[in-house]
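Please read the structure below before turning to the comments.
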Amino acid sequence: MLLTDELLLNYKRCRRRTFLEVYGSHQDREPTKEFLLKLKRENKHHVATVLKERSLVYQQPEASKKDWLLRSQQTLELMSQGVECIYRGRLHIKLSDWQSSLVDSENSIINEMILPIASEDVTLIADPTLLIKQPGKSIFGDWTYLPLNIKLGRRPKPEYKLIAAYHAQIIAAITGELPDTSTLILRQQNDYQINLEYWLPRMYDIVNDCIEMLVHRQTPEVFISRQRCSLCHWHSFCHEHAKSQKHLSLVPGITPKRYESLLSMGLDSLDAIAKANPSQMAEKIGKEVTSQLQQQVRSLLLETPLIRSSYNLQNNRHLPTHAIEFYFDIEAEPDRNLDYLLGILAVDRVNNTEEFYPFLAETVDQEAKIWQEFLEFVMAHPNVPIFHFSDYEVDTIKRLAALYNTPYRETKALLNRCVDIHHWVTTTVVLPVESYSLKSLANWLGFSWREAKAGGDQCVCWYDDWLRSQDSSLLDAILSYNEDDCYATYYLKYWLENFLAESQKYQVL
Ligand code: SF4
């Protein structure tokens, strides 16, 4: 069995993913998402830029990545020759060599790190971006190597640090000398030195756990987390599995930590949570969360929307309504810090008409122009409320207003007209859904997007492709996705308005 740094990095993010990469069926795996392919291309470009800007002269093994053994032998050969900088080298060691290289501060082998596993079954592999020659003592002579990894991330994430420590330890096992440090170069080209004293012991434990899981084929439990799972190519497979098990991770509000707390109270199903004693639950997860969770579970069990218990139908303010309403949604390119599409769906509720007005930057330097056009349009209808879903639109208005010197009074007037439908939904009702994302809520209402592959990430790829290819079908796809987002917000608002009005009437009666 081969333990690569990619498997280890995935293990830090999701244990189940590493398990599925090794033992999952290919048929259950979705094709790699276009957004991830884009990130891969950008990462490659970033590495090439760093090498060029730092004028790094390097050599690299010639064998392909697939021929890992030959590539590893060639890397070792380059190291023994004392090559100054080795690009995309590959290192490998047997588990027994790994284990005997793990020593404590007194240079004794750390016995608890020795797994009762036949060491010839496991080979550890490392792919540092660069190996940099340093003065020192090693099996090669008066030199050793430091690992250096180049990543596209903005922050030194824990999984990057883990891999950096792993590379350092593999070098130690090969050369007999632990490098002083392990370096990360991130997106802004800033160097980040890993604190090996802190990360090595943590990394030993994680490597051990990962090997044990893989060797003993212990399938990790599924846990669907929107943030972590949305780009994973096992998502459909895991989601189906979670649904078949009625897994609690599909209940909004149940985080991994709360899940553990619920299990520790023996609450492992919707029924159990619905029937649980709220005071006992509150001791572990707090009174407010208990109340929210029990109501969420009731809504799911009854498959019906409920008025949120914290919302007072009689006293609270009403959801704004107007003869004309605007529904606003933005598409952005985060890498360029560019908001390239400001879409408005204008709904005339008296004359029963709907019209979509997209303010689109066809080139990256048109953001100021579309912002001005957008401002003129919305200012021409000063009393019309602007509905949007979540904080992004308000944050963007503030960003663009500051960037393009929009007068404070205009900006303030515009912000005062914004109504966040996500906030309204999540503070007034509880719905039988898996998440309170626009897609999940609108799907529950029976709405579907015209572009089956649609999503914010996909739009980023489409816009990037448009800039390169000038293929107008890509812009059409983005426009219809944005228009559908506006429609989804409109239908959701309309449903909420009616539901609150009906519930209020019912309560009065
Ligand atoms: S979909 Fe989620 S739970 Fe499944 S492997 Fe991927 S990250 Fe892990």
Of the numbered conditions (1) in contact (Cβ under 8 Å) with a residue 40 or more places away in the chain; (2) within 16 Å of the ligand (Cβ to nearest atom), residue 252 satisfies every one except a single condition; which is it?
(2)
Out of all the residues in region 196-218, is one or more aromatic (Phe, Trp, Tyr), assigned by TED's automatic domain parsing to the domain that holds residue 73 and surrounded by fewer than 17 Cβ atoms within 10 Å (Cβ to Cβ)?
yes
Among residues of region 6-41 being outside any helix (DSSP H, G or I) and closer than 17 Å to residue 239 by Cβ, the residue farthest from the chain's Cα centre (by Cα) is 25
Please note which strands (runs of 3 or more DSSP E) are completely contained in region 126-200 and include at least 3 residues that are closer than 26 Å to residue 65 by Cβ and not β-branched (Val, Ile, Thr).
130-138, 141-150
Single residue of region 228-247 satisfying the filter (under 21 Å from residue 268 (Cβ atoms) and surrounded by 14 or more Cβ atoms within 10 Å (Cβ to Cβ)) that is farthest from the ligand (Cβ to nearest atom):
247
Subset of region 211-227 (residues that are within 14 Å of the ligand (Cβ to nearest atom) and assigned to a helix (DSSP H, G or I)):
213, 226, 227
Whether any residue in region 367-375 is assigned to a helix (DSSP H, G or I) and among the aromatic types (Phe, Trp, Tyr) is what I want to check.
yes
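The values are calculated or read from the model by the stated rules, or taken from the named source; none is laboratory data. All of these numbers come straight from a predicted model, not from anything done at the bench. FYI the Cβ positions are ideal-geometry reconstructions off the backbone, even for glycines, and counts take in every protein chain you see.
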